[in-house]
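The values are calculated or read from the model by the stated rules, or taken from the named source; none is laboratory data. None of these values were measured; they are calculated from a predicted model. A quick note on method: Cβ atoms are made from the backbone with ideal geometry, for glycine too, and the neighbour counts reach across all protein chains shown.
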Amino acid sequence: MAVLVGSDIGGTFTDVVGYDSERATVVYGKRLTNRTDLAESVLGCLAEIDVAPSEVDLLKHGTTHIINTLLERSGARTALVTTTGFRDVLEIGRAGRPVAFRLDYDRPAPLIEREMRFEIDERIGADGSIVVPLDVVALDEIASRLKEAAVESVAVSFLNSFANPEHEMAAVERLRAALPEVYVTAGTELSREWFEYERTSTAAANAYIGPTATRYFDRFQQRLDGEDFTGRFYLMASNGGVLTADQAKRSPIALVESGPIGGCVGAAVFAERLGIESLIAFDMGGTTAKCALVEDGRFGVQPTYYVGGYDYGFPLRTPVLDIVEVGTGGGSIAHVVDERLLVGPRSAGSEPGPVSFRQGGVEPTVTDANVALDRISGNQFLRGALPLDRHGARAALDDRVGRPLGYEASTQTDTVAAGILALANAQMATAIKEITIERGRDVRDFVLFAFGGGGPMHAIDLARELHIPRVVVPPEPGNFSALGMLFADARLDESFSLRHDLVDDASTRLIEEADATTRALAKTLAEDFPTATQISEWQAELRFTGQRHSLKVSFSRNDTTDSVRRSFLDEYLRQYGHVDEAAPVEVIGVRVSVAAPTAVPEISGVHRIIGSGSPKPRENREVFSLAAACRMSTPVFSRDELPIGFEFDGPLILEEFGATTVVGPNESIAVGELGEIIVTLKGES
């Protein structure tokens, strides 16, 4: 048996999808995440779905371990070696003040404290010339001091090394030889762009998580080997592709958003198959809600990611799918501060979890509000594997939220719970607005594609609030991020600075530089992913001369300077609503992506519909409707029993393993050709 497995470790649940390529059958598993043994979370899920690791041909794994290590500041003891005069670049950062009117604003401390940042004489000019030779004697002295300080990791980032990495690579080789047990990384191994602060910050973060990530990957591989696993083990990267374990060890920063990316990849596959040109991928999990745009079957990639957010975080110059995230999820805690109701960003996680999970949680969460309103069944969650405590959830809502807000009677619990859901929905709606309206898109032109454990429960209310006419819920939405990983290709991205005016034969230089980088990436990719087919994509980073901000446009070997300029002007007009056709344009960078296909399942086989004919509701339940602001008698169906083509008018609830879809009274559903649920909102078309 050849089984393809996707696994996604989240803050609350661990999800696993197994696809038997010989029988074209799919199985799904979900369990609470074991925070002390993440590998056991995956192996436990495999055991629950009766898939032995020895039967697995390919395992694609996504994890939040990298981002959690950075946010929790639980990485290695790290040092920085940099050019004389630049040890404080991590603290100085950029001169901009993201929160302009907060008088007590202060940035968090850098990952590497000042006494662990070492300077060395060397200098590369902006043109790549050697201005001051590398002082190797001083470098050896620094190596001795690093050994005495018992550092676990070292980042090397020299000024202008993007133009000539000779000094940086020489220093890295010398440090690796002198400190064989220490993790050593260089800025130019991660980014070849001119942003000194961002490149140094990226090198520091990669070094900071390198030792812990390496131990995590090695332990995971050892646990798999101990279970007679002989297949291929890939890690989900933030750019939408997969990496081998060795690649991930060299550049663990490439996995900073490993966990949520699988769902975006799967959403793009479904959008292409269903012919949806404009789609919002909406993923609501236990801790956060995330959304991304998929347009013409493709998702956007951002070159800079801010750990902890733009206002208070630090930058990483690594390609990450363009995702907007808010700290609102099923586990988000509802609490009262100064007579104000707040939801999140604190989360109950898997330990202790929501009150209704009976795991020791005492603070009410968004999940508890849904349970209290009977939007989630107390005995059908995870097919009864995790019975929910409705009475405990309602009591916690009364004690922790209702009474502090002046709601004394237990008969007002519905009002309190509905208020929590309304606030949670408002917070998630801001993320959708940010990625659409604030970027020049009309949100009404998009389809909302909802997945994650909480996505289908809240998506239709969000669509109603934002006037989105159609919602699509894919098969097994609670495990969709793990499923999406199965569709991910191997992929490498590289961006580099290249500055010149976009005039005359500028396109020739663009094509030559992109072609050379493509060949280098293709060679590297072929070493780990041998395949006859590779797909490349090129983008030029352009801006009007004198401007700070830039835009990316795609180009190919057939483009001319005029056609590249036209693409930039059209994109600028679409984003900003006006454009100066006569203004000069300059190139400031190039991004190259090369992908190699991996084994993937047949998309039509990922659903498991067992019903036919005219299915009947499992029960009728009095469920609180946010649209009607009251309880309504609501038919409850088992989603697995709904055949393709089935139609029904709301209100209704669809229950399945890992997720619940809540449909209001003014919506209707239909089951599509891939087993997806298509929800149409009346009056919004």
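So in the range 504-519, with the set limited to residues that are surrounded by 14 or more Cβ atoms within 10 Å (Cβ to Cβ) and of a type outside the set (D, E, K, R), which one is nearest to residue 234 (Cα to Cα)?
Among residues in the range 504-519 that are surrounded by 14 or more Cβ atoms within 10 Å (Cβ to Cβ) and of a type outside the set (D, E, K, R), the one nearest to residue 234 (Cα to Cα) is 518.
Could you name every one of the strands (runs of 3 or more DSSP E) located completely within the range 8-103 that has at least 1 residues being among the aliphatic types (A, V, I, L, M) and surrounded by fewer than 23 Cβ atoms within 10 Å (Cβ to Cβ)? If you could, list the steps in order and put the result at the bottom.
Working: elements: 13-20, 25-32, 56-63, 78-83.
Answer list for the range 8-103: 25-32, 56-63.
List the residue pairs whose Cβ atoms are under 8 Å apart, where the first residue sits in the range 581-609 and is within 30 Å of residue 676 (Cα to Cα), the second is part of a loop (DSSP other than H, G, I, E, B) and β-branched (Val, Ile, Thr), and the two are 6 or more positions apart or on different chains.
596/531; 596/533; 597/531; 597/533; 609/644
Output the number of residues of the range 524-541 satisfying the condition of being closer than 26 Å to residue 510 by Cα, touching a residue at least 40 places away in the same chain (Cβ under 8 Å) and surrounded by 11 or more Cβ atoms within 10 Å (Cβ to Cβ).
Number of matching residues: 10.
Filter the range 170-198 down to the residues that are hydrophobic (A, V, I, L, M, F, W, C) and within 31 Å of the chain's Cα centre (by Cα), then identify the one that is nearest to residue 94 (Cα to Cα). Show your work before the answer.
The first filter runs over the range 170-198 and keeps only residues hydrophobic (A, V, I, L, M, F, W, C), leaving 170-172, 175, 177-179, 182, 184, 186, 190, 194-195.
Going one step further and asking which of them are within 31 Å of the chain's Cα centre (by Cα), we end up with 172, 182, 184, 186, 190, 194-195.
Details: 172: 27, 182: 30, 184: 26, 186: 21, 190: 20, 194: 14, 195: 10 Å.
Restricting to residues being hydrophobic (A, V, I, L, M, F, W, C) and within 31 Å of the chain's Cα centre (by Cα), the top hit is 195.
Listed residues 488, 482, 459; which is within 30 Å of residue 567 (Cα to Cα) and either buried (at least 23 other Cβ atoms within 10 Å of the Cβ) or modelled with pLDDT of 95 or more (or both)? First the steps, then the outcome.
Numbers: 482 fails: within 30 Å of residue 567 (Cα to Cα); 459 fails: within 30 Å of residue 567 (Cα to Cα).
Checking each option against the conditions leaves just 488.
Quick grid of which residues meet (1) within 33 Å of the chain's Cα centre (by Cα); (2) surrounded by 15 or more Cβ atoms within 10 Å (Cβ to Cβ); (3) not in a helix (DSSP H, G or I):
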position: 559; (1), (2), (3): yes, yes, yes
position: 562; (1), (2), (3): no, no, no
position: 571; (1), (2), (3): yes, yes, no
position: 574; (1), (2), (3): yes, no, no
position: 607; (1), (2), (3): yes, yes, yes
position: 613; (1), (2), (3): no, no, yes
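All but one of (1) exposed (fewer than 13 other Cβ atoms within 10 Å of the Cβ); (2) part of a loop (DSSP other than H, G, I, E, B) hold for residue 161, so report the exception by its number.
For residue 161, the exception is condition (1).
Against the definition (in the same structural domain as residue 368 (by TED's automatic domain parsing) and modelled with pLDDT of 95 or more), how does residue 450 come out, yes or no?
It is false that residue 450 is in the same structural domain as residue 368 (by TED's automatic domain parsing) and modelled with pLDDT of 95 or more.
Take the conditions farther than 24 Å from residue 330 by Cα and either modelled with pLDDT of 90 or more or of a type outside the set (Gly, Ala, Ser) (or both) and apply them to residue 648. Does it pass?
Numbers: farther than 24 Å from residue 330 by Cα: yes; either modelled with pLDDT of 90 or more or of a type outside the set (Gly, Ala, Ser) (or both): yes.
Against the criterion (farther than 24 Å from residue 330 by Cα and either modelled with pLDDT of 90 or more or of a type outside the set (Gly, Ala, Ser) (or both)), residue 648 qualifies.
Report yes if residue 183 is in the same structural domain as residue 109 (by TED's automatic domain parsing), touching a Pro at 6+ places or on another chain (Cβ under 7 Å) and not β-branched (Val, Ile, Thr), otherwise no. Give the steps one after another, and end with the answer.
Numbers: in the same structural domain as residue 109 (by TED's automatic domain parsing): yes; touching a Pro at 6+ places or on another chain (Cβ under 7 Å): yes; not β-branched (Val, Ile, Thr): yes.
Answer is yes for this residue.
Give the residue, chosen from 174, 192, 145, that is surrounded by fewer than 18 Cβ atoms within 10 Å (Cβ to Cβ) and either in contact (Cβ under 8 Å) with a residue 60 or more places away in the chain or on the phi < 0 side of the Ramachandran plot (or both).
Values: 174 fails: surrounded by fewer than 18 Cβ atoms within 10 Å (Cβ to Cβ); 192 fails: surrounded by fewer than 18 Cβ atoms within 10 Å (Cβ to Cβ).
Step by step, each of 174, 192, 145 is checked, and only 145 is surrounded by fewer than 18 Cβ atoms within 10 Å (Cβ to Cβ) and either in contact (Cβ under 8 Å) with a residue 60 or more places away in the chain or on the phi < 0 side of the Ramachandran plot (or both).
Does residue 64 satisfy the criteria of being under 30 Å from residue 157 (Cα atoms), of a type in the set (S, T, N, Q) and not assigned by TED's automatic domain parsing to the domain that holds residue 151? Talk me through it step by step, then tell me what you get.
On the way: under 30 Å from residue 157 (Cα atoms): yes; of a type in the set (S, T, N, Q): yes; not assigned by TED's automatic domain parsing to the domain that holds residue 151: yes.
Yes, satisfied.
Among (1) farther than 29 Å from residue 254 by Cβ; (2) among the charged types (D, E, K, R); (3) surrounded by 15 or more Cβ atoms within 10 Å (Cβ to Cβ), where does residue 121 come up short?
Single failed check for residue 121: (3).
In this structure, does residue 622 turn out to be assigned to a strand (DSSP E or B), farther than 25 Å from residue 480 by Cβ and more than 27 Å from the chain's Cα centre (by Cα)? Spell out the reasoning first.
Values: assigned to a strand (DSSP E or B): yes; farther than 25 Å from residue 480 by Cβ: yes; more than 27 Å from the chain's Cα centre (by Cα): yes.
Yes; evaluated as a whole, the condition is true for this residue.
Limited to the range 344-365, what total is found for residues that are touching a Pro at 6+ places or on another chain (Cβ under 9 Å), assigned to a loop (DSSP other than H, G, I, E, B) and of a type outside the set (Gly, Ala, Ser)?
Qualifying residue count for the region: 6.
Tell me, which residue of the range 396-409 that is assigned to a helix (DSSP H, G or I), without any contact (Cβ under 8 Å) to a residue 24 or more places away in the chain and of a type outside the set (Lys, Arg) is surrounded by the fewest Cβ atoms within 10 Å (Cβ to Cβ)? Reasoning before the result, please.
First, pick out the residues of the range 396-409 that are assigned to a helix (DSSP H, G or I): 396-405.
This time we only want the ones that are without any contact (Cβ under 8 Å) to a residue 24 or more places away in the chain, so: 398-399, 402-403.
Checking which are of a type outside the set (Lys, Arg) leaves us with 398-399, 402.
Values: 398: 20, 399: 13, 402: 24.
Top of the filtered list is 399.
Could you identify the single residue in 510, 521 that is more than 27 Å from the chain's Cα centre (by Cα), assigned to a helix (DSSP H, G or I) and touching a residue at least 40 places away in the same chain (Cβ under 8 Å)? Give the derivation first.
On the way: 521 fails: more than 27 Å from the chain's Cα centre (by Cα).
Testing whether each residue is more than 27 Å from the chain's Cα centre (by Cα), assigned to a helix (DSSP H, G or I) and touching a residue at least 40 places away in the same chain (Cβ under 8 Å) leaves just 510.
Right, residue 419: crowded, with 18+ Cβ neighbours inside 10 Å, small (Gly, Ala, Ser) and free of Cβ contacts under 8 Å to residues at least 24 places away in the same chain or not?
Answer is no for this residue.
Looking only at the range 627-685, count how many residues are buried (at least 16 other Cβ atoms within 10 Å of the Cβ), hydrophobic (A, V, I, L, M, F, W, C) and within 30 Å of the chain's Cα centre (by Cα).
13
Given 438, 494, which one is acidic (Asp, Glu), surrounded by fewer than 22 Cβ atoms within 10 Å (Cβ to Cβ) and not in a helix (DSSP H, G or I)?
The unique qualifying residue is 494.
Go through (1) assigned to a loop (DSSP other than H, G, I, E, B); (2) free of Cβ contacts under 8 Å to residues at least 12 places away in the same chain; (3) of a type in the set (Val, Ile, Thr) for residue 376 and report which single condition fails.
(2)
Kindly indicate whether any position in the range 130-153 is among the polar types (S, T, N, Q), at pLDDT 95 or above and touching a helix residue (DSSP H, G or I) at 6+ places or on another chain (Cβ under 7 Å). Even if it seems obvious, please write down each step before you answer.
Just the residues of the range 130-153 that are among the polar types (S, T, N, Q), to begin with: 144, 153.
Now restrict to residues that are at pLDDT 95 or above: 144, 153.
Cutting the leftovers down to touching a helix residue (DSSP H, G or I) at 6+ places or on another chain (Cβ under 7 Å) gives us 153.
Taking every residue of the range 130-153 in turn, at least one turns out to be among the polar types (S, T, N, Q), at pLDDT 95 or above and touching a helix residue (DSSP H, G or I) at 6+ places or on another chain (Cβ under 7 Å).
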